[in-house]
Amino acid sequence: MDRWRGRVALVTGASVGIGAAVAKSLVQHGMKVVGCARNVEQIEELSSECLRRGFSGTLSPYKCDLSVEDDMLSMFSWIKVQHQGVDVCINNAGLALPEPLLSGKTSAWRTMMDVNVIALSVCTREAYQSMKERNIDDGHIININSICGHRVINHADTHFYTASKYAVTALTEGLRQELREAKTHIRATCISPGFVETEFAYRLFSENPEIAISNYESIKCLQAVDIANAVVYVLSAPPHVQIGDIKITPVEQSM
């Protein structure tokens, strides 16, 4: 990770869970991290913690609604002014709403697509353009996907979310192909976790929290730091090594 010291990483959805763990880890490794979310209070607290612990990097909170394109464009403009641009983009933000295909609300489907697919694509585009205009040829774009991006679980509440994550799988491969055609050495990686013990399931099953509790207690789940370690592994690979896809699941997870 030494070559990333002092360079700039954007982490979306950095207020809690995987995003917060990734942001903290990159700061530990000396990167200048911009962490964005709609609620930045928790990122501000994490930034203060990083300072207290003497980490060599920095964490700058940025308030951004990833369902609003103008917010994202303003964020990249701010990063350009403050840090010249982005060298690493971690597309972590995502959400799942319990809206089945046969009875779900169209508005909820649109919200999932806006955050899980459109926002990821806008941040990818803007990060690439930031790298290109500064002649950055060794940048990295990492999409935090889901095991649901590779298999359909028999649970109606997750089917539309699963479709959005299959899109992330396709978008990451498409991105790799476009980067090769552009004759750049910028890399693209997809990390797909299984059950991770975060607030994710509690949000998904907010009306039936016992489902989330049952899921997390049924097996020894992954922790957010496990995914952060995978991000560090990907970034630590030599510049000529392309790590395309990583699937990470608990040993005990069966679906």
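The values are calculated or read from the model by the stated rules, or taken from the named source; none is laboratory data. All figures in this text were calculated on a predicted structure; none of them were measured in a lab. Note that each Cβ is placed from the backbone with ideal geometry, even for glycine, and that neighbours are counted across all protein chains shown. We work out accessible area using only protein heavy atoms, side chains counted, and drop any ligands, DNA or RNA first. Shrake-Rupley method; radii C 1.70, N 1.55, O 1.52, S 1.80 Å.
Would you kindly work out the equivalent ellipsoid of the stretch 1-57 from its C-alpha gyration tensor and give its semi-axes, the square roots of five times the eigenvalues, largest first in whole Å? Display every interim value, and only then the final one.
Details: eigenvalues 63, 31, 13 Å².
Equivalent ellipsoid of the stretch 1-57: 18, 12, 8 Å, largest first.
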Next on the checklist: As I understand it, the value is the acute angle between the Cα axis of helix 17-28 and the longest principal axis of the Cα atoms of the chain; what does it come to in degrees, rounded to 10?
Outcome noted: 20 degrees
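Whole number please: convex hull volume per residue of the Cα set in the stretch 120-161, in Å³? Provide the component values of the computation, followed by the final result.
Values: hull volume 3.0 nm³, N = 42.
So the per-residue hull volume is 70 Å³.
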Checklist outcome for this item: The convex hull of the Cα atoms of the chain, divided by residue count, gives a volume in Å³ per residue of 124 Å³
Checklist entry - Between Arg134 and Ala170, 0.36 nm times their residue separation minus their Cα-Cα distance comes to what? => result 10.2 nm
Item to check | Two-site label geometry, Arg203 and Glu69: point separation in nm, points 7 Å out along Cα→Cβ | outcome: 2.3 nm
Next on the checklist: If R₀ is 41 angstrom, what is the calculated FRET efficiency for the pair Ser48 and Ser214, using the beta carbon separation as r and rounding to 0.05?
Outcome noted: 0.70
Next on the checklist: Let me check I've understood the local charge: for His29, count other residues with C-beta under 12 angstrom from its C-beta, Lys and Arg +1, Asp and Glu -1. What total comes out?
Outcome noted: +4
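Using 0.36 nm per residue, how much length does the chain from Gln84 to Arg110 gain when fully extended, once their Cα-Cα distance is taken away?
Details: separation 26, 0.36 × 26 = 9.36 nm, distance 3.30 nm.
That works out to 6.1 nm of additional length.
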Checklist outcome for this item: For Phe76, Phe195, Phe200, the accessible-area ranking with a 1.4 Å probe, largest leading, is Phe200, Phe195, Phe76
Checklist entry - What is the spin-label model distance, in nm, from Asn229 to Leu102 if the labels are put 7 Å beyond Cα along the C-beta direction? => result 4.2 nm
Item to check | the stretch 125-144 residues near the modelled Arg3 label - backbone nitrogen below 11 Å, point 7 Å along Cα→Cβ | outcome: 137-140
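May I ask you to compute the full-extension gain from Lys247 to Asn39, defined as 0.36 nm times their residue separation minus their alpha-carbon distance, rounded to one decimal in nm? Provide the component values of the computation, followed by the final result.
On the way: separation 208, 0.36 × 208 = 74.88 nm, distance 2.90 nm.
That pair, Lys247 and Asn39, stretches by 72.0 nm at full extension.
From the cross-link list Lys32/Lys165; Lys24/Lys105; Lys183/Lys247; Lys32/Lys220, which pairs have alpha carbons spaced over 30 Å apart?
Cα-Cα > 30 Å for Lys24/Lys105; Lys32/Lys220; rest within.
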Next on the checklist: Binning at 5 angstrom from zero up to the longest distance, how are the C-alpha pair distances of the stretch 116-255 distributed in percent?
Outcome noted: 2, 9, 17, 20, 19, 13, 9, 6, 3, 1, 0
